[in-house]
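First the structure, in the form of C-alpha cells, and then the observations on it.
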Amino acid sequence: MNLSNHVPILIIAIPLLAAFLVPLINRISKKATGILSALALSVSLILTIVLAVKILTVGPQVYIFGATSPSLALPSGLKFPIRIMFEVDAMGIFMGLITAVVSFLGAIYSLSFLKKYDGVDKYYSLLLLLTVGMFGMEFTGDIFNFFVFLEIASIASVALISFRGVDYGEPAEAGFKYMVVSSISALMVLFAVGIFYGQYDILNLAAIAKVIKYSQLDKIALGLLIPVLAMKAGAVPMHMWTPDAYSEAPAPITMILVAASQASLYALFRIVFSLYNITMNTLTVGWIIIIFGLLSMFIGVTMAIVQKDIKRLMAYHAVSQTGYMLLGVGVGLAVLANPIALQNYGITAMEGGIFHIMNHAMYKGLLFLTAGALFFRTGTRDLNKMGGLAHSMKYTTIFFIIGAAAIAGLPPFNGFASKLLIYESVYRFNPLLSIIAMVVSILTLASFVKVFHSAFLGPKLPQFKEVKEVPRSMVFAMAVLSCIIIFFGLFPDLIVKNLVHPAVMSLIEQLQYTGTALGGM
Amino acid sequence: MIGNLPYVAVVIFIGLGIYTLMFKKNLIKITIGIVLIENGVNLFLITLGYRKGAIAPIYTQAPSGQAMVLPTPQALTLTSIVIGIATTALILSIAMMIYKHYGTLDTDEVRRLRG
Amino acid sequence: MKEMSRIVKTVTNFVYGFIIIFGLYIIAHGHLTPGGGFQGGAVAGSAFALLLVSYGSLNSNKFLKKDIFSLFENFGLVLFIVLGFSGLGITFFYNFLANSGSWFGNAAFIGINPGDMNTGGVIPLMNIAVGLEVLSAFGVIVLTMASGAEFTKKKEKS
C-alpha cells in the first residue's frame, strides 16, 4: 500500500477521525482531548508540507474516491469523471498551507485559553470539523462537494462563535446573524450548482470548464456566485456580520475564521479563473471585483478608527485588508484577455494579491491572539479601560508591535512586500486605485498607533496589579507566527518565486487545470 | 402536462422566503424564511431530473419497459435536506439562547452589538 | 412541558415500538427500496419526540437519558469513518465487500430484479452506521431543547 498516493485524503481524514474520537476520549480524561486534537492537526500540517513539496516539483495531484486506483479519473472510456474528486494544484496547496498552520496554532493556543470554560470536548470536536471543512473547500474538484464542505465549515464556525453564549448574550446574537448570512450564501451556491447540472449534466469543475458556453443561464450563475462568495469573505457592502462574529468568538477561533473567510475568497478566484476564464468579458467582471475591493479597503479602515473594542477594531481591519486582495486579483482578471498587459503588470498584481492572502492570515492571526491574551489576563476588551500593560506583559507587547508593523506595511515585515507589489502594478493599470490603497495604509498605521497607546503605554493601572504574562502554550503560538512574519519579510523573493508564482500561473492557465483531471483530452 | 409549473413554484418559494427574511421582526419568523428558501432550492434540484412520463429510479420489482427519471439530483437533494436539518436545529438553539439572555425575540430589541 | 392525558399515554405505549421498528426496516433495506440511513433514522427519531411530548419532559428524563444517546451517536460516527478507512488499501471509501462472496457480497444484478438483500457491499453497513447516528442525534436535540425550555420557564416564573 503506497501511502504517498493517499496523502490528499489523509490530510482530511485524520482530523475527521479525531473529531469523532474526541467525545469518546473525554469520558476517560479531560486533558487528553486538547492533546489529541493538537496531535491530529500536527500530523495534518506535516502531510500538507509533504504534499506541497510533491506538487511544486512533480505537478498537480488528483485523488478519486472509491475508484480502483487513486488517479483513475476516467475508467473504461467514460467522457467525464463521475466520482467525487480532489484536484490539488499549486493554488490549492497554497491555501492548504495557510489552513494547516493556522488551525494547528489555534489548537495549541486553546490548550491554555480554555481553562475556565465548560464543554471543552465539543469545542475541540467543532474545531477539527471546521478544519476539515476548510481543507475540503480548498482541495476539491467537484462543485457539489464544495457546497457540502462550505456548509460543514459554516455550521461548525457558527457553533464556535456562540460558544460563550451560555453565559453572555452577545455571542448568541453574533452567531444568529452569521448563521442567517451563511445559510443564504450556501443556498444560493446550491442554486448555481443546480443551474450548472441542469445545463451540462456534469458536476466536475474541470469537465464543466471544458464544455462551458457562457449562455444566459451561465451569466445568471456567475451573477449569483460572485456576490455570494464575496459575502462569505467579508467584502463591503456585505460585511455587516464581520465585526460582530470576529469580536464575539474566542480568540483562537477568530484566527481560524479569518482563514475560513479566505477559503471562500479562494473559491471565488477558482470559479472566476478556472471555470469561466476568457469566455466571459473579463474587463467588466474584473472592474466589479476591483470596486468591491476599493469599497472594502476604504470603509473598513474608516470604521475601524472610531472603535473602542479592540477585537471589533481588528475585525474592521480584516475587512479592509480583504480589499487589498480583491484589488490585486481584480486587476489581474481585468487584463486577462490582453497578453501584453498581463505580462507587464497583470501577473505581478495577482502575485501581490495572493501573497497578501498568506501575509494577512499570519499577521492578523497574531494580532487576534494578542487581543485574546489581553482579554485572558484583564477580562475586558474595552480600550478605554485598559492601560499600562507593557510593564507586566512584555512578550505580548513585542508580538503586538511586530503584528502592527506588519499590517501597516513597514519594512522589514511581510506586509511591506505584498503591498509594494500591489502598489506598483495597480499604478500602471489606473493611478487613482493605487493612491487610494496608499492612503488606506496610512490610516491603518494611525489606528494601530492608537491601540498601542491605549492598551500598552502609560502608567501601570491599580486594577491590573496582579496581571502577569500569559501561559507558555499561548506564547509559543504567538512566537511561531512572529517568526514566520519576520522570515517572510526578510526573504520575500524566495516565497514569491517558489510558492506564489506557481499558484498564480495555475489560476491563469485553465488548460493545466482541465488537463490534469481529464488526462489531456 | 406539468409544463413549467414546478419552476414557477420554485420562484414563489424563494421570493416568499426572501420577503419573510427581510421584513419580519420575530426571530422564529426569520428562521421560517430560511427554511422556505431551502425548500425552494430543493424543489429546483428535484425538478431538474424529471423526464416526461418516467417512473421512480428503483430497479427492485419495477415495471419493465419504462424510462426512469435521473437519480443524481435525488442524492443531491437528500444531502441538502440533511444539511437543512442541522442548520435549523442550530439556529433554533441559538434563538433559545437569545431569549434566555435578552428576554425578547424582537429584532428591534436584540441590538447590543452596534457601530 | 406538562404530560398529556391518559388516552394519549396509552396510545403512545402501543405505537412507539412500531415506529422504531418501521424506522429500522427503512434503514436496513436502504440499498433496495427508497430510504437508507438518514430517512430511517429520522423516522425512528420521531418516536423519541412522541415519547417526550406525551409523557412530559420531567417524566421522560427517567427513561430517555441524554448520555446514552450521545454515546450511541459517537459509535455511529466512528463506525462510519472506520468503514471508510478500511478500503484505504485501494482508495478511501472503496467498496471492498461488493461482489466478493463474504458479508453482503453477492453479485448485484443490473436491471429489473426482485431484489436480493445480500448485495451492496459496504453500503448497507454504512446505512446502519448513519441510521444509528441520526436516531441518537434526534434524541439528543429534542431532549436538549426540552431541558432548555424548562430552564427558561423556571427563570420566567422566578
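Every read-out reported here was derived from the displayed coordinates using simple, explicitly stated rules and does not represent laboratory data. Predicted model, so just to flag it, every value in this text is computed and none were measured. Don't worry about glycine lacking a Cβ; one is built from the backbone with ideal geometry, like all the others, and counts go over all protein chains shown.
On a C-alpha basis, how far is the centre of the range A:491-511 from the centre of the range A:298-323 in Å? Whole number, if you could?
Using only Cα atoms to place each centre, the spacing works out to 29 Å.
Using a Förster distance of 30 Å, how high is the FRET efficiency between C:Ser102 and A:Leu3, based on the Cβ-Cβ distance and rounded to 0.05?
0.70
Taking GluC sites (Glu not before Pro) that fall in a DSSP loop and have at most 16 other Cβ atoms within 10 Å as cut points, what is the longest piece of chain A between them?
A:1-465
Classify the range A:41-191 as rounded, prolate or oblate from the Cα gyration tensor: take a ≥ b ≥ c as the square roots of its eigenvalues, call it rounded if a/c is under 1.5, otherwise prolate when a/b beats b/c and oblate if not.
Numbers: a/c = 2.87, a/b = 1.61, b/c = 1.78.
Oblate is the answer for the range A:41-191, as a/c is 1.5 or above yet b/c matches or exceeds a/b.
If I fit a long axis through the Cα atoms of helix B:5-23 and take the longest principal axis of the Cα atoms of chain B, what angle between them do I get, 0 to 90°, rounded to 10?
Value to nearest ten degrees: 10.
For chain A, what are Rg and Dmax over the alpha carbons, in angstrom?
22.1, 77
May I ask for the equivalent-ellipsoid semi-axes of the range C:4-67, computed as the square root of five times each C-alpha gyration tensor eigenvalue and listed largest first in whole Å?
26, 13, 7
Angle between the Cα long axis of helix C:122-157 and the longest principal axis of chain C, 0 to 90 degrees, nearest 10?
For C:122-157 against chain C, the angle is about 10 degrees.
Quick one: divide the alpha-carbon radius of gyration of the range A:1-278 by 2.2 N^0.38 Å and tell me what you get.
1.02
Given just the C-alpha atoms of chain C, how large is their convex hull per residue in cubic angstrom?
Considering the Cα atoms of chain C, their hull volume per residue is 133 Å³.
Work out the length of the dipole vector of the protein assembly as shown about its Cα centre, built from +1 on the beta-carbon of each Lys and Arg and -1 on the beta-carbon of each Asp and Glu, and round it to the nearest 20 debye.
About 1740 debye.
Longest segment of chain C with no trypsin sites (Lys or Arg not before Pro) in a DSSP loop having at most 11 other Cβ atoms within 10 Å?
C:63-158
Using the alpha carbons of the range A:288-377, what is the convex hull volume per residue in cubic angstrom, as a whole number?
Numbers: hull volume 6.3 nm³, N = 90.
With only Cα atoms used, the range A:288-377 gives 70 Å³ per residue.
For peptide A:179-186, compute the average count of partner chain beta-carbon atoms within 10 Å of each residue's beta-carbon. Mind dumping the intermediate values first?
Working: counts 7, 8, 0, 1, 13, 7, 0, 6.
Across A:179-186, the average partner-chain Cβ count within 10 Å equals 5.
Would you work out the charge dipole size for chain B about its Cα centre, treating the Cβ of every Lys and Arg as +1 and the Cβ of every Asp and Glu as -1, and quote it to the nearest 20 debye?
Value, rounded to 20: 180 debye.
What do you get for the angle between helix A:120-139 and the principal long axis of chain A? Use alpha-carbon atoms, 0 to 90 degrees, nearest ten.
Once rounded, one gets 40 degrees.
Across 10 Å bins from 0, what is the distribution of all Cα-Cα pair distances for the range A:1-122, in whole percents?
12, 35, 28, 17, 6, 1
Quick one: net charge around A:Ala52, please, counting Lys, Arg +1 and Asp, Glu -1 for every other residue with C-beta under 14 Å from its C-beta.
So the surrounding residues net to -1.
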